[in-house]
1. Helix-only estimate, please: 222 nm mean residue ellipticity of the chain, summing -39500 (n - 2.57) across DSSP H runs of length 4 or more and dividing by its residues, to the nearest 500.
2. For segment 32-75, which trypsin sites (Lys or Arg not before Pro) are both in a DSSP coil and crowded by at most 11 other Cβ atoms within 10 Å?
3. What accessible area per residue comes out for the chain, rounded to a whole number of Å², with a 1.4 Å probe?
4. For Cα Rg over 2.2 N^0.38 Å, the choices are (1) 1.09; (2) 1.16; (3) 1.00; which was calculated from the structure?
5. What is the sum of charges around Q35, taking Lys and Arg as +1, Asp and Glu as -1, for the other residues whose C-beta is under 9 Å from the C-beta of Q35?
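The values are calculated or read from the model by the stated rules, or taken from the named source; none is laboratory data. Everything numeric here is computed off the predicted structure, so don't read it as measured data. Reconstructed Cβ throughout: ideal geometry from the backbone, glycine too, with neighbour counts over all protein chains shown. The area values use the complete protein model at the heavy-atom level, side chains included, leaving out ligands, DNA and RNA. Shrake-Rupley method; radii C 1.70, N 1.55, O 1.52, S 1.80 Å.
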Amino acid sequence: RSLYGNAESSTIVSDSGVEGVQLRARTTRNGRPHQYWTAVFVQGRRVVTVEAGGDDAYFGPQVEAIEAAIRSVEL
C-alpha cells in the first residue's frame, strides 16, 4: 500500500479557458518514485476529472505532453 504525500494544489486553465484545480502528489512504490496528478474542471453542471500518474522513469519524460493533454479538456 502506498500513501501519497507532498501534495501541491494549483489553479489550472484549459486551452478553452475553463479554470480548474490541479493536485500533484508523490509516493514511493517498491523503492521507486511515482507521481499522481488529478485535475478537476467545473462548468455549470458539468464536472470533468482528468488523472495521470506513474513511475517517474516513464512519467517524467512525458510531463509536457501530459500537461498539454490535461489542458486540452473541453467542456
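1. The helix-only estimate for the chain comes to -4000 deg cm²/dmol at 222 nm.
2. Filter output for segment 32-75: R45.
3. 68 Å²
4. Comparing each candidate, only (2) matches the computed number.
5. Numbers: positive: R24, R26; negative: D55, D56.
Combined, the nearby Lys, Arg, Asp and Glu give 0.
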